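*Asks:* Below is a structure I'd like to ask you about.
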Amino acid sequence: MRAIQYAAPTTVDDAVSILAEHGPRARMLAGGTDIIVQVREDARDADVLVDAKHIPELTSLTVDADGVTTLGAAVPCYELYNDAQFAAAYPAIVDAARIIGSTGIQGRASVGGNLCNSGPAGDTIPALIVHTAACNISGPGGARQVAVEDFCTAPGRNVLGNGELLVSLTLPAPSAGSGSHYLRFIPRNEMDIAVVGAGAFLQLDGDTISAARVALAAVAPTPLFVREAGDALVGAPADEASFAAAADLARSAASPIDDMRGTVAHRKQLSYVLTQRALRGAAARAQGGSPSNGH
Amino acid sequence: MATELKSGKVHVQATINGEIVDVLAEPRESLLEVLRDHLELTGAKEGCNNGNCGACNVIMDGRLVNSCCVLGVEAAGATIETIEGVASPAGLHPLQDAFLENAALQCGVCTPGFIVAAKALLDENPNPTEYDVRWWLAGNLCRCTGYDKIVRAVLDAAERVRAEA
Ligand SMILES: Cc1cc2nc3c(=O)[nH]c(=O)nc-3n(C[C@H](O)[C@H](O)[C@H](O)COP(=O)(O)OP(=O)(O)OC[C@H]3O[C@@H](n4cnc5c(N)ncnc54)[C@H](O)[C@@H]3O)c2cc1C
Ligand code: FES
Ligand code: FES
C-alpha cells in the first residue's frame, strides 16, 4: 500500500476538522473492509484515514425511553446479531448483517460503512430503508438528518459533502405486529455480492396491512426504495395475492444492468421473486413466526 | 485539541498471545504485515490480501478478523490471539490434535486461518452443528482438502473441548 496518514480523533468535531482540511484525500475508516482494500488496490484516491472507532457517538448502540434506537455508524455487524433486543426489533437489518462477507468480515464491517461505501448491492441499505432509518450527519455547517433512501446518489457516491461524516442512524421504535426480512440471491450460499437483494417491512393490524415498505439492492445505480410497492399493500390483506401485486411493482421499478453477475431479465425476475419472499418473511415475523427460508 | 495525523513509524503497543508487545508500524502496513514482517509471527498467512480467503485470521479483542483488512496502527491497545498462541506449554489445543488425527490438512497454508477461526467459534459455542461450522468457516478457503475433513475435525474438536470442560 502507498504511504498514508492515520488519525484517531475522539470527538466528532475533531474528525470533521480533519476531513474538512484534507478534502477528498481524507476518508473515514470504520471496519476497513472496503476502504483498506480500496486504498491498497488504488481504487480510492485517499491518503488520510480517519479512524471512526475512538469516537463514542460512532461506536455506541443505544435505545431511548421511547424505544428509538441510535446505531453508531461504526458498530460492527457482529455486535448487532449478538444483541437480542436489536435483533428482535430490526430483523431485516440483522438478516443483512449476517450475510455480509464472512464471520471475520462481520467482526469489523459496520452498517455505517456499508451505507457510506454506497454500493448498489450494499446489503444493509435496503434493510435500513424498509425500517425507515435516518442518517445523522455532522459537518462544518453543523448537523443534519437525511432519510437513508435519499443518501446514496450514484455507485460509490452519497450526499456527504466536504468535511461531513455519518455519525449514526436513527431507527424508529419497533411496534407490535410488525415484521421485516431481507434476503438476496447469490450463486453460492455465502461470500458473494448480491445479484439482487430485497427487503420488506410490514405492519399488520389483524390480517390487514397498515404500513409497508419495500426496497431492492443491485437493480439500479443506487439501492432502490420502491415506495409504490409498499403503498399498494396498505389496506390490503396480508396474503399471496397482495404480495404478488407488490412484487410486480418491484419488478417494474427495477432498472438493472447486464454484468458478470446477472442479466437484466434475470434481475427483473429476481426482483419479483425476492420481493415476494421478503414480504412472506416479514409477514411471518409480524405474526410471531420466522421466515421459512432460513437466513 | 487537534488530533495528530500519524505517519512514518508509529509506536504501537498491543497484547499478543498474552505478552505486551511494542512495535513500530507505518500506517500503511496491515496488521498481517506487522505480525509477519516485524514480529516474526509468520503463522498467519497472506492468501488474497483482500478479505476473501481467511488465511490471515486472528482474534482481535475477542472477535475473529481478517488481519489483512486491519491496519497495524489500529491494533494499539488491542488484545490479539494468533495461531502461535493456540497451543499451550501443556500441549496442542484440541483443534490442533483433531486436525492432525482427522487429516484435515494437506499443504497446510490455510490451516492456521481455519484453526484460529474454529477456535473463535468454539470459544463462543462449544456445541456447534455441522451447519454452524460450515457457515462460520465460509470465509476460509482451502485449495486441497475439499473441506469435509476440516468440518469433521472441528466437530471432533468441539466434542473434546466439551469433554475437557
Ligand atoms: C471478503 C469481503 C466480502 C464482502 N461481502 C459483502 C457482502 O456480502 N455484502 C455487502 O454489502 N458488502 C460486502 N463487503 C463489503 C464491506 O464489507 C461492507 O460494505 C462493509 O459493511 C463496510 O463496512 P466497514 O465498516 O468495513 O467500512 P469501511 O471500509 O471502514 O468504510 C467504507 C466506506 O465508507 C466510508 N465511511 C465509513 N464510515 C463512515 C462514516 N462514519 N462517515 C462517512 N464515511 C464513512 C469510508 O471512508 C469508506 O469509503 C465485503 C467485503 C469483503 C472484503
Ligand atoms: S489474506 Fe486476508 S483474507 Fe486472504
Ligand atoms: S490444506 Fe492446502 S489450502 Fe487447505
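The values are calculated or read from the model by the stated rules, or taken from the named source; none is laboratory data. Only a predicted model underlies this, so the values are computations on that prediction, with no experimental measurement involved. All Cβ positions, even for glycine, are placed from backbone atoms using ideal geometry, and neighbour counts span all protein chains on display.
*Asks:* So, in segment B:112-165, exactly how many residues are free of Cβ contacts under 8 Å to residues at least 24 places away in the same chain and over 27 Å from A:ALA109 (Cα atoms)?
*Replies:* Qualifying residue count for the region: 4.
*Asks:* A follow-up question, please. Got at least one residue in segment A:190-198 being within 14 Å of chain B (Cβ to nearest Cβ) and in contact with a helix residue (DSSP H, G or I) (Cβ under 8 Å, 6 or more places away or on another chain)? Before the answer, list the steps.
*Replies:* Let us first name the residues in segment A:190-198 that are within 14 Å of chain B (Cβ to nearest Cβ), namely A:190-193.
Restricting the remaining residues to those that are in contact with a helix residue (DSSP H, G or I) (Cβ under 8 Å, 6 or more places away or on another chain) gives A:190-191.
Within segment A:190-198 (the criterion being within 14 Å of chain B (Cβ to nearest Cβ) and in contact with a helix residue (DSSP H, G or I) (Cβ under 8 Å, 6 or more places away or on another chain)), the answer is yes, since at least one residue qualifies.
*Asks:* Give the residue, chosen from A:GLY199, A:GLY206, that is assigned by TED's automatic domain parsing to the domain that holds A:LEU274 and more than 20 Å from the chain's Cα centre (by Cα).
*Replies:* Values: A:GLY199 fails: more than 20 Å from the chain's Cα centre (by Cα).
Result of the check over A:GLY199, A:GLY206: A:GLY206.
*Asks:* Residues of segment A:40-50 being more than 9 Å from ligand 1 (Cβ to nearest atom), within 11 Å of chain B (Cβ to nearest Cβ) and either in contact with a Lys or Arg (Cβ under 9 Å, 6 or more places away or on another chain) or charged (D, E, K, R) (or both), which ones? It would help to see each step written out before you state the result.
*Replies:* To start, the set of residues in segment A:40-50 that are more than 9 Å from ligand 1 (Cβ to nearest atom) comprises A:40-43, A:45, A:47-48.
Those still in the list that are within 11 Å of chain B (Cβ to nearest Cβ) too: A:40-41, A:43, A:47-48.
Answer for segment A:40-50, where residues must be more than 9 Å from ligand 1 (Cβ to nearest atom), within 11 Å of chain B (Cβ to nearest Cβ) and either in contact with a Lys or Arg (Cβ under 9 Å, 6 or more places away or on another chain) or charged (D, E, K, R) (or both): A:ARG40, A:GLU41, A:ASP47, A:VAL48.
*Asks:* Any idea which of (1) more than 8 Å from chain B (Cβ to nearest Cβ); (2) farther than 24 Å from B:THR3 by Cβ is the one A:ARG27 doesn't satisfy?
*Replies:* The number of the failed condition is (2).
*Asks:* A:LEU160: within 23 Å of A:PRO237 (Cα to Cα), more than 16 Å from ligand 2 (Cβ to nearest atom) and buried (at least 17 other Cβ atoms within 10 Å of the Cβ), yes or no? It would help to see each step written out before you state the result.
*Replies:* Details: within 23 Å of A:PRO237 (Cα to Cα): no; more than 16 Å from ligand 2 (Cβ to nearest atom): yes; buried (at least 17 other Cβ atoms within 10 Å of the Cβ): yes.
Judged against the criteria, A:LEU160 is not a match.
*Asks:* Would you point out the residue of segment A:67-113, among those that are in contact with a Phe, Trp or Tyr (Cβ under 9 Å, 6 or more places away or on another chain) and within 7 Å of ligand 1 (Cβ to nearest atom), that is nearest to the other protein chains (Cβ to nearest Cβ)? Spell out the reasoning first.
*Replies:* So in segment A:67-113, the residues in contact with a Phe, Trp or Tyr (Cβ under 9 Å, 6 or more places away or on another chain) come out as A:69, A:71, A:79-80, A:87, A:91-99, A:102-103, A:106-109.
With within 7 Å of ligand 1 (Cβ to nearest atom) added as a condition, the list becomes A:99, A:102, A:108-109.
Values: A:ILE99: 10, A:SER102: 2, A:ARG108: 5, A:ALA109: 9 Å.
Checked segment A:67-113; the qualifying residue nearest to the other protein chains (Cβ to nearest Cβ) is A:SER102.
*Asks:* I'd like to check which strands (runs of 3 or more DSSP E) are fully inside segment A:164-264 and have at least 2 residues that are touching a residue at least 60 places away in the same chain (Cβ under 8 Å) and over 20 Å from A:GLY281 (Cβ atoms).
*Replies:* Per the criteria, A:165-171.
*Asks:* Now, a different point. Could you list, in sequence order, the residues of segment B:77-111 that are without any contact (Cβ under 8 Å) to a residue 40 or more places away in the chain, outside any loop (DSSP other than H, G, I, E, B) and more than 16 Å from ligand 3 (Cβ to nearest atom)?
*Replies:* Correct list: B:SER88, B:GLY91.
*Asks:* Now for a different question. Please note which strands (runs of 3 or more DSSP E) are completely contained in segment B:1-69 and include at least 2 residues that are free of Cβ contacts under 8 Å to residues at least 12 places away in the same chain. Break it down into steps so the answer makes sense when it comes.
*Replies:* Values: elements: B:10-16, B:19-25, B:57-60, B:63-66.
Here the list reads B:19-25.
*Asks:* Can you name the residue in segment B:37-59 that is facing chain A (nearest Cβ under 10 Å) and touching an Asp or Glu at 6+ places or on another chain (Cβ under 8 Å) and, of all such residues, is farthest from B:CYS107 (Cα to Cα)? Even if it seems obvious, please write down each step before you answer.
*Replies:* Keep residues of segment B:37-59 that are facing chain A (nearest Cβ under 10 Å), which gives B:48-54, B:56-59.
Right, trim to touching an Asp or Glu at 6+ places or on another chain (Cβ under 8 Å) and you get B:50, B:56, B:58-59.
Details: B:ASN50: 21, B:CYS56: 16, B:VAL58: 20, B:ILE59: 23 Å.
Of everything passing the filter in segment B:37-59, B:ILE59 is farthest from B:CYS107 (Cα to Cα).
*Asks:* When you look at B:LEU141, is it within 13 Å of ligand 3 (Cβ to nearest atom), within 11 Å of another protein chain (Cβ to nearest Cβ), in a loop (DSSP other than H, G, I, E, B) and modelled with pLDDT of 95 or more, yes or no? So that I can check it myself, show each step before the final result.
*Replies:* Working: within 13 Å of ligand 3 (Cβ to nearest atom): yes; within 11 Å of another protein chain (Cβ to nearest Cβ): yes; in a loop (DSSP other than H, G, I, E, B): yes; modelled with pLDDT of 95 or more: yes.
Criteria met by B:LEU141.
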